[in-house]
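Comments concern the structure below.
Where a number appears in this text, it was derived from the coordinates with a stated rule and is not lab data. Computed from a prediction, not measured in an experiment: that's the story for all the values here. Note: ideal-geometry Cβ built from the backbone for every residue, glycine included; neighbour counts use all protein chains shown.
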Amino acid sequence: MTITCGFEAQRFINPTVKSLPPSGIRRFFDLVASTRGVISLGVGEPDFVTPWHIREACVQSLERGYTMYTSNYGLPELRQAIAGYLAERFGLSYDPQKQVMVTIGASEAVDLALRTVINPGDEVLIPEPCYVSYQPIAQMAGGVPVTVPTTMEDEFAITAARLEKYITPRTKVLILCFPNNPTGAVLNDAEMQAIAALVKKYNLLVISDEIYAELRYDGPPRSFAALPGMQERTILVSGFSKAFAMTGWRVGYVAAHPDFLAAMVKIHQYTILCAPVMGQMAALEALRHGRQDVERMVAEYDRRRRLVVSRLREMGLECFEPRGAFYVFPSIKVTGLTSTQFAEELLKEEKVAVVPGPAFGSSGEGFIRCSYATSLAELMEAMNRMERFVARRLAFKHRAAAHA
Amino acid sequence: MRKKILELLENNGKLNAKEIAIMLALPADQVAKEIAAMEEEKIILRYHTLINWEKAGEEEVAALIDVKVTPQQDVGFDEIAGRIYRYPEVKSVFLMSGSYDLSVLVQGKSLKEVATFVSQKLATLEHVQSTVTHFILKRYKQDGVIFEDQEADRRQVLQP
């Protein structure tokens, strides 16, 4: 491209966007991508390919000529199926006509929700470590993100007591994402009830990102919206990516009070129009005939989860037992390294990629995220390599201590 | 518990008792005991490796043979099946419903070797009425494994 002298593109860029930090793992990504023979435990999506019958349903829909726009809200059959799923799985009752909308992944739903409710200066509570997009989305909506750290001592669950300390008169929204990326933490019933009481007391709204709800290993999935009095206060966000191994399809949904939905659909129709019909057809098949696939994948994740936690503890890393999603979040403090040092040196010496904890917020320092959405054989090899690396670091540390 | 252990071993015979125990949240000594018991009881018959011989550069000819037989009094098909499966060339034998009785998988070094086995050994057995030989031209999928799997890991190496 030829650039005319004197044109300053930067001057045109909105300062809020300009001030957004670039993804914290960009530099590390380049390093991983340029190294050969890497086993990556840094991937945030299932290693399974979308089940064949779901792909086949999409192909057939194309053959039958489903290539047009759908309703802004999404295919009526799909909304019906989503409402049916939420009723059967969580005991939630939503009107598929007025309370369910299909979105481009759960990410769009979070964006719509925040843009719909945030006034400039409104504070958004975000427990961290957390997925990287909540803060930037809140900022772009004009809100003020207020991060609330969680700790390994609390099993990375957010407690009502801690949350209350961060509530101010400007607090409007609480974002919950449990089971959590990157920690794998879940909220138990008592914790959810205590948070619900707080939400009521301070008249807050909850955006509950339940994209990992199905990937739960300590019992059936739970929805925050299903707590007494919480359905109208919760904008429930979910999708098909994680449970059905459908990340690339970009199909998610939002279920909420009809007034919220009516407002959200306005933004959605002017910016997106509708989610792609192909993905919606696939999602419909997933909900109708995909239950067994989810069970099969969850059983497989669960076995890998136990193996990885056991191996990490054996090599001397403190590791809380995750009860959801497909991540473990071990502490690497015992090695004396920072998270970034650990990740970079592990990559260089043993060719295993993990994500440094601070990529998910400053309370992630001292931790790394390992995804076990990787084949068993690769996981075992990665654990062998990591064990060698940790053993070397611990031996070095002990020698240094002996010297001193 | 046995079913879960077997399901894991069926897909990966290299797993040891300790690894299985961790994955299933069971005591390791109990898993080891169960595996030994199942070996003893011939529930676990062999730890098998699925090999793509073609890729290994080895010639391999196999044929599925539909065999029609005359069942015998008292022993039915079992007697004749036994006479067939004792041949080492025969890799598997199934009793089938439908238009023939036994499905026999025969493996050999060459087309001629297999054909000779069928015409001289199998077809000449008493009570064998007829045989139809289908040579296997290509293996696409066996025991749940796709041989030339196109579904490589296409994920980005690192994502938040």
If each part is reduced to its alpha-carbon centroid, the stretch B:35-54 and the stretch A:121-192 end up apart, in Å, by 50
In a Gaussian network model of chain A with springs linking alpha carbons closer than 10 Å, the residue among A:ARG392, A:ARG311, A:ARG233 that fluctuates most is A:ARG392
Whole-Å distance linking the alpha carbon centroid of the stretch A:220-256 with that of the stretch B:3-28 is 34
The rounded separation in angstrom of the Cα centers of the stretch A:26-43 and the stretch B:71-150 is 50
Taking a ≥ b ≥ c as the square roots of the eigenvalues of the Cα gyration tensor, with a/c under 1.5 meaning rounded and otherwise prolate when a/b exceeds b/c and oblate if not, chain B is oblate
Between the modelled labels at A:LYS201 and A:GLU349 (7 Å from Cα along Cα→Cβ) the distance in nm is 4.8
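Looking only at the protein assembly as shown, where both bridge partners belong to it, what percent of the DSSP beta bridges are antiparallel (to the nearest 5)?
Counting only bridges with both partners in the protein assembly as shown, antiparallel ones make up about 65 percent.
Could you put B:THR70, A:THR335 in order, starting from the residue whose Cβ has the fewest other Cβ atoms within 10 Å?
Listing B:THR70, A:THR335 from fewest to most nearby Cβ atoms yields B:THR70, A:THR335.
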Simple SL model, points at 7 angstrom along Cα→Cβ for B:ALA25 and A:ARG162; separation in nm is 2.4
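Between A:GLU365 and A:VAL298, what length comes free when the chain is fully extended (0.36 nm per residue of separation minus the Cα-Cα distance, one decimal in nm)?
Using 0.36 nm per residue and subtracting the Cα-Cα distance, I get 21.2 nm.
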Counting only DSSP loop positions in the stretch A:166-224, the trypsin sites (Lys or Arg not before Pro) whose Cβ has at most 13 other Cβ atoms within 10 Å are A:ARG170
Between A:SER133 and A:HIS403, the FRET efficiency computed from the C-beta separation at R0 = 51 Å comes out, to the nearest 0.05, as 0.65
Most packed first (mean Cβ within 10 Å per residue), the peptides A:72-79, A:122-129 order as A:122-129, A:72-79
By the Cα gyration tensor axes a ≥ b ≥ c (a/c under 1.5 gives rounded; else a/b larger than b/c gives prolate, otherwise oblate), the shape of the stretch B:27-87 is oblate
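Treat every Asp and Glu Cβ in chain A as -1 and every Lys and Arg Cβ as +1, leave all other atoms uncharged, and give the resulting dipole magnitude about the Cα centre to the nearest 20 debye.
580
Can you give the % of DSSP beta bridges in the stretch A:53-289 that are antiparallel, to the nearest 5?
Here the antiparallel bridges make up roughly 30 percent for the stretch A:53-289.
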Tilt, helix A:105-117 to longest principal axis of chain A (alpha-carbon atoms), in degrees rounded to tens, equals 70
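What ranking do B:VAL67, B:VAL145, B:VAL93 get, fewest neighbouring Cβ atoms within 10 angstrom at the top?
B:VAL145, B:VAL93, B:VAL67
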Residues A:MET192, A:MET380 in order from fewest to most other beta-carbon atoms within 10 Å are A:MET380, A:MET192
With a ≥ b ≥ c from the Cα gyration tensor eigenvalues, square-rooted, and the rule rounded for a/c under 1.5, otherwise prolate when a/b > b/c and oblate otherwise, the protein assembly as shown is prolate
Taking a crude spin-label model, label points 7 Å out from Cα along the C-beta direction, the B:THR124 to B:ASP143 distance in nm is 3.4
